[in-house]
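First up is the structure itself, then whatever we jot down about it.
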Amino acid sequence: MLTQLFRNVGITPMVYEELQIPLMYGYAFSNEIFNKAELVTISEEEQRDYLKLREEHSKIGKGEVESIVVCRQRGFLFSSFDKKAVSMAKEFGVNVITAGAIFNGFMKKGIATKKEVLKILQDIETSDNRLLEIEL
């Protein structure tokens, strides 16, 4: 759905590694992401920035930190359900698109109905064992 809303969707190597974990437990959804999202390799400078930020922000996931670095360097949009990661991205001047804006985009562009979006949100809440605060 993201590739229907945005022309290009990318994931960094750390996000790729994180998405390998569900495959080990028999969940195949990661394969669809691997097939549709571009793997964005990071430069030497981005790697240095990542290592520095990772040390300073150890409570934020590796994939989020690496993605924030890449988005900052390349002017890409960043999105995450992790409030700390979103806050950090904003602090570093990264353009952030909220999950709410993405889900509203799905409905506005006819990619998904409100009922389908609500089902997706419910599935995420169930699988992640968390309550999402998203305005539709």
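Looking across segment 68-85 at every residue that is in contact (Cβ under 8 Å) with a residue 12 or more places away in the chain and under 25 Å from Thr126 (Cα atoms), the one that is surrounded by the most Cβ atoms within 10 Å (Cβ to Cβ) is identified as Ala85.
Taking the residues in segment 18-33 that are touching a residue at least 12 places away in the same chain (Cβ under 8 Å) and of a type outside the set (D, E, K, R) as candidates, determine which candidate is farthest from Glu66 (Cα to Cα). Step by step, filter segment 18-33, then rank; the result is Ile33. Give the residues of segment 94-119 that are open to solvent by 60 Å² or more (accessible area, probe 1.4 Å) and either free of Cβ contacts under 8 Å to residues at least 12 places away in the same chain or closer than 21 Å to Ile60 by Cα (or both), sorted by residue number. Of everything in segment 94-119, those that are open to solvent by 60 Å² or more (accessible area, probe 1.4 Å) and either free of Cβ contacts under 8 Å to residues at least 12 places away in the same chain or closer than 21 Å to Ile60 by Cα (or both) turn out to be Asn95, Thr98, Lys108, Gly110, Thr113, Lys115, Glu116, Lys119. Scan segment 4-30 residue by residue and report those that are more than 25 Å from Gln73 (Cβ to Cβ) and either at pLDDT 95 or above or of a type in the set (Gly, Ala, Ser) (or both). Within segment 4-30, Gly26, Ala28, Ser30 qualify. Is it the case that segment 93-103 has a residue that's under 17 Å from the mean Cα position of the chain (by Cα), polar (S, T, N, Q), closer than 25 Å to Asn8 by Cβ and not in a helix (DSSP H, G or I)? Within segment 93-103, one or more residues are under 17 Å from the mean Cα position of the chain (by Cα), polar (S, T, N, Q), closer than 25 Å to Asn8 by Cβ and not in a helix (DSSP H, G or I). Determine if segment 62-77 includes at least one residue that is in contact with a Gly (Cβ under 7 Å, 6 or more places away or on another chain) and acidic (Asp, Glu). No: segment 62-77 contains no residue that is in contact with a Gly (Cβ under 7 Å, 6 or more places away or on another chain) and acidic (Asp, Glu). If I filter segment 120-134 down to residues being among the β-branched types (Val, Ile, Thr) and surrounded by 11 or more Cβ atoms within 10 Å (Cβ to Cβ), which single residue comes out as farthest from Phe103 (Cα to Cα)? Per the criteria, the residue is Ile124. For segment 1-28, a residue qualifies if it is of a type in the set (A, V, I, L, M) and out of contact with any Lys or Arg (no Cβ under 9 Å at 6 or more places or on another chain), and the qualifying residues are Met1, Ile11, Leu19, Ile21, Leu23, Met24, Ala28.
The values are calculated or read from the model by the stated rules, or taken from the named source; none is laboratory data. Remember, it's a predicted structure, so these values are computed and weren't measured experimentally. Glycine gets a Cβ as well: all are built from the backbone with ideal geometry, and neighbour counts include every protein chain shown. What goes into the accessible areas is simple: the full protein's heavy atoms, side chains included, and nothing from ligands, DNA or RNA. Shrake-Rupley method; radii C 1.70, N 1.55, O 1.52, S 1.80 Å.
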